[in-house]
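Chemist: Let me give you the structure first, and then I'll get to my questions.
Read the figures in this text as sums done on the coordinates, not as results from a lab. Note that the structure is a prediction, hence the values are computed from the model and not measured. Using ideal geometry, Cβ is built from the backbone for each residue, glycine included, and neighbour counts are taken over all protein chains shown.
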Amino acid sequence: MRIGSNWIESERAIYADKADRIAIRHLTNDRLVAVIEIISAGNKWTRPAIDQLENKVQTLLGEGVHVLLVDLIRSSKQAPWGLPKFFGFSDHKSDPETTEEKPFSLMSIRAAYCPEAFIELVGVDDELKSMPLFLTEGRYILVPLEETYEAAWEGVPAPWKIKLEERKI
């Protein structure tokens, strides 16, 4: 057992390593074509964690793998303007910044010579929009995020629902 700030940092790193992601592979050759990444608090807690996330996304894009990032965690001191601005897929002036009213983001990134991002900013009470998940540069499917969230919420045990609702995240 570690005591002190090193232990806390290690615990956060453990959660970042357990980040939820879904890999989509091509049926005929098992090639990875797309990844859905659910951002965790550990992904945004420290600058090295954000750099690691950025490196992972850039590596996937460089390998031709399309990425959908679902970021429903409030911004950190490391990226106070949110992940869309941090990743900067355009000239930074046109990349949207998260705000108090819309602190979360959904980013679908098409892997191409010049990657292209489709970004939606989301507020606490907003419905999650369906987002494109590219399977090729020209083909995508819509991922029904709101319906998926609702189905997952239905499976949460009642005592945990109460605790989560009390936190008003």
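Chemist: Between T28 and T99, what length comes free when the chain is fully extended (0.36 nm per residue of separation minus the Cα-Cα distance, one decimal in nm)? Let's see the in-between values first.
Modeler: Details: separation 71, 0.36 × 71 = 25.56 nm, distance 4.31 nm.
Length gained, T28 through T99: 21.3 nm.
Chemist: Filter the GluC sites (Glu not before Pro) in the range 108-169 to those in DSSP coil with at most 12 other Cβ atoms within 10 Å of their Cβ, and list the result.
Modeler: For GluC sites (Glu not before Pro) across the range 108-169 that sit outside H, G, I, E and B with at most 12 neighbouring Cβ atoms in 10 Å, the list reads E127.
Chemist: Read phi for every residue in the range 105-119 and hand back ³J(HN,Hα) as whole Hz from Karplus 6.51 cos²θ - 1.76 cosθ + 1.60, θ = phi - 60°, with x for Gly and Pro.
Modeler: The phi angles translate into 9, 10, 10, 9, 10, 8, 6, 7, 3, 10, x, 10, 10, 10, 10 Hz.
Chemist: What are the ³J(HN,Hα) couplings of the range 34-45, residue after residue, when phi is run through the Karplus curve with 6.51, -1.76, 1.60 and θ = phi - 60°? Round to Hz, x for glycine and proline.
Modeler: 7, 9, 9, 10, 8, 5, 9, 4, x, 5, 10, 6
Chemist: Which distance in Å, rounded to a whole number, links the C-alpha centroids of the range 134-169 and the range 27-77?
Modeler: The range 134-169 and the range 27-77 have Cα centres separated by 18 Å.
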